[in-house]
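The values are calculated or read from the model by the stated rules, or taken from the named source; none is laboratory data. Note that this is a predicted model, so its numbers are computed, not measured. A quick note on method: Cβ atoms are made from the backbone with ideal geometry, for glycine too, and the neighbour counts reach across all protein chains shown.
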Amino acid sequence: MKQCFLLLIGFSLGASYAFSQAKPKQVAKSQPRTEMAQPVTPAPEPPQAASAPSDPSKPVVAIYYFTTTRNYSYDYAIGVGNAVEAGFVRSTRFTIVERNRFGMLKDEERFKEANTSDLIGKASKLGAKTIVTGHLVGVSTGNILSVLDKQPTGRQYTEISLSFKVIDVASGEIKISEIINGRGEGTTSTETLQNAYVAIDKIIRAYIGNYLPQRFKFANVVATNTRKKVEYLESFKIWGGSDNGLKVGDAVEIYILSYLINPETGKQVEERKLIAHATISEINSGSTATCIILDTRDASKYNPAILNTVTTQQGKITIEYKGNWYEKPKSFWDKI
């Protein structure tokens, strides 16, 4: 009898222990089920009014989803759109409206150009003043052949053609509408594609630069040279660097600014006098870069005036970003 009683007590204690150990296991198993019940991709929230930009002086730009024709993979549109958006963000001069504020694209919308009238209303609610759109119209790839014997050189190219638009939200007017081509070269298809994206980013920023100029102040003369006993400007620094999205090879133009008052409207009119073209040769810091003057072919007549201007009228000088339109001409041997 005593033995049965002890067995009964032992059984009861064992059951209690097992039950206490089982409880945590039940909780642990129920947690993943709760998480899995959540949607993998949350439903897009309807567009809401954009909050006031941190810097009211910065233009508010909406870069809409880039699209493509059904002939090409949508991945190309994603790649170009990301490259362009990164360029705008890197320049630090815009307040960018995130694309997902417009909601998610439907599958059929990925393969047709964006409806301009629909975008204007949405962009206005989001606080954007300018909309940038892009639609891929062509992609070509291939091997680069030697000029002499038309044999592969071991290098490849990718060229992307893009229909690009800049739209003013207030007026609904299409300010810029262009077909642009970005070409990238390299030893692998990945490298060529990346370089094509970079080329398109720079070209688009150049167009935006004409519409919303990106300007920098003249810093100082770096070097001068002498030709035919005449001293001319060779290189100079500007107050603009990597923090502004500038890169080696980017082109800039030097202007003298002056202002007039229109007697009919009473508004101030800005006049620009182009005095030189230059290219960025070195990024010195986040806020400084060195530029080389390009117009040195006739130094005795033209370039000395540039040197005189930058030393005597520094307060009137401005430098504008112009993308990467300048490229050093390839020699015969570079093409082979």
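Summary table
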read-out	value
Matching strands (runs of 3 or more DSSP E) fully within the stretch 204-300 where at least 3 residues are surrounded by fewer than 16 Cβ atoms within 10 Å (Cβ to Cβ) and of a type outside the set (A, V, I, L, M)	215-227, 268-283
Single condition Phe19 does not satisfy, out of (1) modelled with pLDDT of 90 or more; (2) over 30 Å from Thr141 (Cβ atoms)	(1)
Residue check for Val248: out of contact with any Gly (no Cβ under 8 Å at 6 or more places or on another chain) and closer than 16 Å to Gln314 by Cα	no
Every residue from the stretch 146-199 that is closer than 16 Å to Asp75 by Cα and either assigned to a loop (DSSP other than H, G, I, E, B) or in contact with a His (Cβ under 8 Å, 6 or more places away or on another chain) (or both)	Leu162
Top-ranked residue in the stretch 117-147 [being of a type in the set (S, T, N, Q) and loosely packed, with under 15 Cβ neighbours inside 10 Å; ranked as farthest from Arg70 (Cα to Cα)]	Ser146
Test result for Leu105, at pLDDT 85 or above, of a type in the set (A, V, I, L, M), within 29 Å of Gln214 (Cβ to Cβ) and surrounded by 15 or more Cβ atoms within 10 Å (Cβ to Cβ)	no
Per-region count, the stretch 64-100, residues closer than 20 Å to Asp250 by Cα, of a type in the set (Val, Ile, Thr) and assigned to a helix (DSSP H, G or I)	3
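One line per residue, one yes/no per condition, for (1) at pLDDT 90 or above; (2) touching a helix residue (DSSP H, G or I) at 6+ places or on another chain (Cβ under 8 Å); (3) over 22 Å from Arg93 (Cβ atoms):
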position: Glu270; (1), (2), (3): no, no, no
position: Asn284; (1), (2), (3): yes, no, no
position: Pro304; (1), (2), (3): no, no, yes
position: Asn308; (1), (2), (3): no, no, yes
position: Asn324; (1), (2), (3): no, yes, no
